[in-house]
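The values are calculated or read from the model by the stated rules, or taken from the named source; none is laboratory data. For clarity, every value in this text was computed on a predicted model and none was experimentally measured. Because the Cβ atoms are built from the backbone with ideal geometry, glycine has one as well, and the counts that use them run over all protein chains shown.
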Amino acid sequence: MTDPSLFPTGVAYTPAEELIINHIVEKPREFLLQSIQDVAASLGISEATVSRFARHAGFGDFKTLKNAVAARSLGPADKMSASIDEGAGDVQAFLRQQRANIDRTLEGLDEESFAKAVHALVASRRIFLHGKGASACVAELLRFRLNRYGMLVELLPAGGTELMEGLVHAGPSDVLVTFGFQRVSPEGQALLDHGEKVGCTTVLFTDRYVRSVGPRATIELYTYRGEPRAYHSMASAVALVDALVVGIAAQLDGPALETLDRIKELKRAYGHLLAR
C-alpha cells in the first residue's frame, strides 16, 4: 500500500476519483506500471476522468502523479532493481546517466541563488551543516572542504534531540545548511524553522522545483538526482557542493590559499611522525 496522505484532504472528490485513489493506495506497484488507458480500463471509467483527477488532486498531470506515488511507495531495493534493469549493471550507462543528471541540475539551478549561497557562506561568522542518511556524506565533504579554508564549521548530529545542542548556538551572523532530497526530514524542518526565528541565513539543497509544505529556506539550490523510480546517486549533489566550494575559494582568494599553504607546511614539518 501507499500512504493515503499523498492525496490532499478537504477536496471534493467524485465517486470515480475515489475509485482511483483506492486503486492507487491499495495497488501502488500495479498503478506504476499502468498507462492512463490501463487505469481507465481496469476501473471502468473514462481516460478523461483519470487525467482530470491528476490535476484535481494537485499533481499537474498523470506523469507527475505517478512520480509522486513512486517516491512514496518504492523502497531502496525497488529503486536499485529498476536501475539494474535499465542499465544491466553497465558502468558506462550508469556514468552517462550521472552526467545527464548533472546536466539537468545545471538547467534547473538558479545562478542568482547559487551566488547568494556563496556570498552568505563567505560572510558568515559560523556555518552549521546538517545531513541525514546518504546526504550525511555530502555534508561531511562540505565540512572538510570549508574547514581547510579556515572557516568555522560545525557538523550537527543527524537526528534526535542532540541536534538542538548545536542549533542553540546559531545566531543572525551564521548560516545553516541542510539537505532535503524528496522531502525535508523533521530535523531539517526544525533547522529551517529555527533559522528563520533567529534570523540566520538557511541554505537547502533540494531536488524539488516547488515545495508547498514545510518551512522555506532563505536560499534553495536545485539538484537533480534521477527519476523517482530509479536509484538516486549523490553524484550531482557532490558536483554542486564542489562548485560551491570553488566559488567560495574564489571569493576568499588570498586567505583561503594561505590556510592551504599552512596545512601543507604542517604536513611537511610533521609528516615523518604521522602515518600516511
Search result, residues across region 15-47 that are exposed (fewer than 15 other Cβ atoms within 10 Å of the Cβ) and in contact with an Asp or Glu (Cβ under 8 Å, 6 or more places away or on another chain): Gln37
Some residue of region 181-188 being at pLDDT 95 or above, buried (at least 16 other Cβ atoms within 10 Å of the Cβ) and in contact with a Leu (Cβ under 7 Å, 6 or more places away or on another chain): no
Single residue of Thr206, Thr201 found to be assigned by TED's automatic domain parsing to the domain that holds Arg145, among the β-branched types (Val, Ile, Thr), surrounded by 13 or more Cβ atoms within 10 Å (Cβ to Cβ) and within 26 Å of Ala68 (Cβ to Cβ): Thr206
Filter result for Val122 (of a type outside the set (S, T, N, Q) and under 30 Å from Tyr231 (Cβ atoms)): no
Residues (under 12 Å from Gly180 (Cα atoms), touching a helix residue (DSSP H, G or I) at 6+ places or on another chain (Cβ under 7 Å) and free of Cβ contacts under 8 Å to residues at least 60 places away in the same chain) located in region 116-146: Gly131, Lys132
Some residue of region 158-173 being closer than 17 Å to Gly195 by Cα, under 21 Å from the mean Cα position of the chain (by Cα) and buried (at least 20 other Cβ atoms within 10 Å of the Cβ): yes
Residues of region 254-270 that turn out to be farther than 13 Å from Arg148 by Cβ and modelled with pLDDT under 80, as a count: 1
